[in-house]
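Written out below as structure tokens is the structure these notes cover.
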Amino acid sequence: MKIHVTGIGWVTAAGIGRGRRRDLFAWGTGELPALSRRELFSDPYPRFGRLDDFSRLGLAGIALALADAGLDAWQQKRPIGIVAETRLGCLATDIAYFDTVVSDGGALASPNLFAYTLSNTFLGEAAIRFGLTGPAFVANSEGGREIECLRLGIDSLRYGDCPIMVTGRCDLAPPRNIPIPDGHAGAIFLVLVGGEEPPPGSCGEIAWDSRGFATLDGVAASSWEELAAARSGVR
Amino acid sequence: MKDVVICAASAVTALGDSLGESWARLLRGECGIRPLERFETSGYFSKVAACVPDLEPGRGGSRLTTLLERTLGGFAEVPPESLLFLATTKGEIDLLELERRGAEIDPRRLLSETVLGEIRRRTGVKGPGVNVNAACASATLALGRGAAAIACGDADAALVVCCDLVSEFVFSGFSALKALSSDRCRPFDAGRDGLSLGEGGAALLLMERSRADREGRPVLCRLLGWGAAGDAHHITAPARDGCGLILAVKRALQVAGIEAQRVDGISAHGTGTVFNDLMELTAFRTLFGDRKVPLHSVKGALGHTLGAAGGIEAALAIRSLESGLLPPTVGLRHPEPGGEGCVSAEALTFPGRILLSTNSGFGGINGALLLSREEAR
């Protein structure tokens, strides 16, 4: 089965970008940009402002990718799945939540924060927002293999789990008091579709090779930057 | 598609350190939900949980290390090249609790990859590993991923390990959500009022049939089908019409290539919350019509073991298929309307050929597995 990338969206310290606009992807350095509802969604979405930072970042990445693929508008729920790689997951939310527990023997534990202490909760938010009923899970790979999510997304299509997969990664910067090395802060998601012929506006054909590399139009990549370089023709 | 079989299974629960002991006590209708002594519960809605007895912190300070030690101790030899799937929602969350209370910990242990490393150390598995986090359907999805990889020929062995702890972190959260039962939970009972938390671990070795035969491995059961789907409805509450669960089961039936009428029994998620159990009964009625398919939930005995639930329940399902018995739904007094004739406080006999196991979780995710008895060949 051939698999095509039909949309890309990201939020990194270098900015917010989309694949079909031919924005140039980079992780950048420093703080992630502030995410406003108006920049990401055309209609009112008051829940967005109430999400924890991790969920807001992940949902933004998914929203940008779906918009890039022309799949952000919907009327009926759709069998689109999501797999999101993360290293730290919702650790920052875990800390914020448990601090509400410690402060008063649990009497003031925040139910709102607790709902976001599962790394996959933002996938549920995305499913609700965009009507996605495919399989959805968060993956934690070893050593922060940052494009591992592509293999998982490609496999989901090969296994016939659903016809379209949104796959990517999402991580906040490590909490200041818990220094965990390595890894980029930000979110990047791709929309993957199976089919012999490339759909209109395809950003390229993607595969996973036996050496553990992603290939985009035949060019191997082991990182998001290399994948972006493969797309722009920079070798 | 290649035939996927389960060759080895272990489980550690509040009712025992082995699958056999857990099964035997479950069948006797025993309950592992007891007053909590692990942390102070005076500020919480419930005072009980199903803790694994004598589960003390291990090396590095987490109880998860000890749980893994018991789950994997004496487990079958695992092929080193096996794929590795972990299913845990919160991993070594007890270490985060310690850190927030001022203790010094190794921060890398807050990452799930550390648990994967611990499993590798204990089993010698060298193949690619990943933690699957799909809330309380984590193990079910992990088993489905492992099975799909084998069925498609990507691998011929996969080890799935699932584990989660009873922690103040999770207990306080469910208490704040008012999702805990004030007493021991009563799945599918008309008077149920919430769930009881539990902890446990399970390990299952999946293999491609011909390899299992070639190596003379015991075939405990076949994994016929798997499916996962979302409700796209609410992040903590299930869709009342069971739409996501229905899709997940239909997908599992499609993978298995069987019709719904072939399902002989159900190991339900059955948390004991008003909405989950009602949602499941609604979904099963949609899927199976007026046919009274025997069903049970283990959570009245073992508590809700979160990400581990689907793995523990799959391991117990093997015993159900072997014996033709569905364990009692502990805590049941008066079945929820719609559950009469399906669910019982006594063990139920069923034909024991094909069992459906289902789980659902936060984020609106649902998972389904179809397991079948290994027929004499």
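We did not get these values from a lab; they are worked out from the coordinates using the rules stated. On a predicted model such as this, the values are computed, not experimentally measured, just so you know. Virtual Cβ from ideal backbone geometry, glycine too; neighbours counted across all protein chains shown.
Taking 23 Å as the straight-line reach from the Cα of A:K77, the lysines in range (excluding those fewer than 8 positions away in the same chain) are B:K250.
Where does each of A:W74, B:W23 land when they are ranked from fewest to most other beta-carbon atoms within 10 angstrom?
On the way: A:W74 14, B:W23 24.
With the sparsest Cβ surroundings first, the list reads A:W74, B:W23.
With distances taken between every two different alpha-carbon atoms, the stretch B:32-73 has a Kirkwood hydrodynamic radius of 11.5 Å.
Please state the relative contact order of the stretch A:1-112 as a whole percent: Cα pairs under 8 Å, 6+ residues apart? Numbers along the way, then the final one.
Details: 109 pairs, mean separation 27.3, N = 112.
Reported relative contact order: 24 percent.
Here the label points at A:T29 and A:E196, each 7 Å from Cα along the C-beta direction, are separated by 5.0 nm in the simple model. Each principal axis of the Cα cloud of the stretch B:7-162 was evaluated for its coordinate range; sorted largest first, these ranges are 53, 43, 27 Å.
Put in line by how crowded their Cβ is, counting other Cβ atoms within 10 Å and starting with the fewest, A:S210, A:S110, B:S112 read A:S210, A:S110, B:S112.
Applying 1/(1 + (r/R0)^6) with R0 = 22 Å to the Cβ-Cβ distance of B:K2 and B:E215, what FRET efficiency is obtained, to the nearest 0.05? Spell out each step's value before the answer.
Values: r = 15 Å, r/R0 = 0.70.
Efficiency computed from Cβ-Cβ geometry: 0.90.
Normalised by the number of residues in the stretch B:224-373, the average gap of Cα pairs under 8 Å and 6 or more apart makes the relative contact order 35 percent. Would you mind pulling out the separation of the Cα centroids of the stretch B:62-76 and the stretch B:99-161, in Å? With the stretch B:62-76 and the stretch B:99-161 each reduced to a Cα centre, they are spaced 14 Å. In order along the stretch B:142-148, the Karplus-derived 3J(HN,Hα) couplings, from 6.51 cos²θ - 1.76 cosθ + 1.60 at θ = phi - 60°, round to 5, 4, x, 5, x, 5, 5 Hz, and Gly and Pro are given as x. Ordering B:G173, B:C152, B:C7 by the projection of their Cα atoms onto the charge dipole of the stretch B:4-214, which places +1 on the Cβ of Lys and Arg and -1 on the Cβ of Asp and Glu, puts B:C152 at the extreme positive end. To the nearest Å, what is the center-to-center distance of the stretch B:218-243 and the stretch B:318-340, using C-alpha atoms only? With the stretch B:218-243 and the stretch B:318-340 each reduced to a Cα centre, they are spaced 19 Å. For the stretch B:215-272, the C-alpha radius of gyration divided by 2.2 N^0.38 Å, with N the number of residues, is 1.41.
Explain nothing, just the number: relative contact order of the stretch B:4-214, from Cα pairs under 8 Å at least 6 residues apart, as a whole percent.
Details: 409 pairs, mean separation 66.0, N = 211.
It comes to 31 percent, rounded to a whole number.
Here the Debye sum runs over all C-alpha atoms of the protein assembly as shown as equal scatterers in vacuum, and log10 of I(q)/I(0) at q = 0.06, 0.09, 0.10 Å⁻¹ comes out as -0.27, -0.64, -0.80. Counting only residues at least eight positions apart within a chain, or on another chain, the lysines with an alpha carbon under 26 Å from that of B:K47 are B:K90, B:K178, B:K299.
The modelled label-to-label distance for the pair B:R291/B:H334, using points 7 Å beyond Cα in the direction of Cβ, is 3.1 nm. The stretch between B:S182 and B:Q261, if pulled fully straight at 0.36 nm per residue, gains 24.7 nm over its current Cα-Cα span. Within the stretch A:20-63, the proportion of C-alpha pairs whose separation exceeds 17 Å stands at 40%.
Our coupling estimate for the stretch B:9-16, obtained by passing each phi through the Karplus curve with A = 6.51, B = -1.76, C = 1.60 and θ = phi - 60°, is 8, 9, 8, 10, 9, 5, 9, x Hz, Gly and Pro reported as x.
With r as the distance between the Cβ atoms of B:R121 and A:N177 and R0 = 25 Å, compute the FRET efficiency 1/(1 + (r/R0)^6) and round to 0.05.
Working: r = 28 Å, r/R0 = 1.13.
The computed FRET efficiency comes out at 0.30.
Here the scattering of the stretch B:94-219 is modelled by Debye summation over its C-alpha atoms, one equal scatterer each and no solvent; at q = 0.16, 0.20 Å⁻¹ the log10 of I(q)/I(0) is -0.97, -1.19.
From the mean inverse distance of alpha carbon pairs (Kirkwood) and the Cα radius of gyration, derive Rg over Rh for the stretch B:1-46.
Numbers: Rg = 16.6 Å, Rh = 13.5 Å.
Looking at the stretch B:1-46, the ratio lands at 1.23.
Here is the P(r) of the stretch B:224-373: all C-alpha pair distances, binned every 10 Å from 0, give 12, 47, 37, 4 in whole percents. One quarter of the surface of the convex hull around the alpha-carbon atoms of chain B equals 16.6 nm², the direction-averaged projected area.
Residues whose amide H lies under 5 Å from that of B:C221, counting only those 5 or more places away or on a different chain, are B:I6; hydrogens are built 1.01 Å from N in the peptide plane. Converting phi to 3J(HN,Hα) with the Karplus coefficients 6.51, -1.76 and 1.60 and the offset θ = phi - 60°, the stretch B:197-202 yields 7, x, 9, x, x, 8 Hz in sequence order, with x at every glycine or proline. Each part gets one Cα centre, and for the stretch A:10-26 versus the stretch A:63-94 those centres are 16 Å apart.
Could you line up B:E40, B:E313, A:E148 from fewest to most neighbouring Cβ atoms inside 10 Å?
Numbers: B:E40 12, B:E313 29, A:E148 23.
Starting with the residue having the fewest Cβ neighbours, the order is B:E40, A:E148, B:E313.
I'd like the FRET efficiency for B:K47 and B:F275, computed as 1/(1 + (r/R0)^6) with the beta carbon distance as r and R0 of 22 Å, rounded to 0.05. Don't skip to the end; give the middle numbers.
Working: r = 23 Å, r/R0 = 1.05.
Once the sixth-power term is evaluated, E becomes 0.40.
Volume of the convex hull of the stretch A:140-186 (Cα atoms only), normalised per residue: 78 Å³. Where in the stretch B:120-158 does the label zone of A:S210 land, with the point 7 angstrom along Cα→C-beta and an amide N cut-off under 19 Å? Under 19 Å, as judged by backbone N against the label point of A:S210, lie B:127-128, B:149-157 of the stretch B:120-158.
Modelling each spin label as a point 7 Å along the Cα-to-Cβ direction, I'd like the A:Q75/A:E225 distance in nm, to one decimal. Once both label points are built, they end up 4.6 nm from each other. Seen from every direction in turn and averaged, the convex hull around the alpha carbons of chain A projects onto 13.4 nm².
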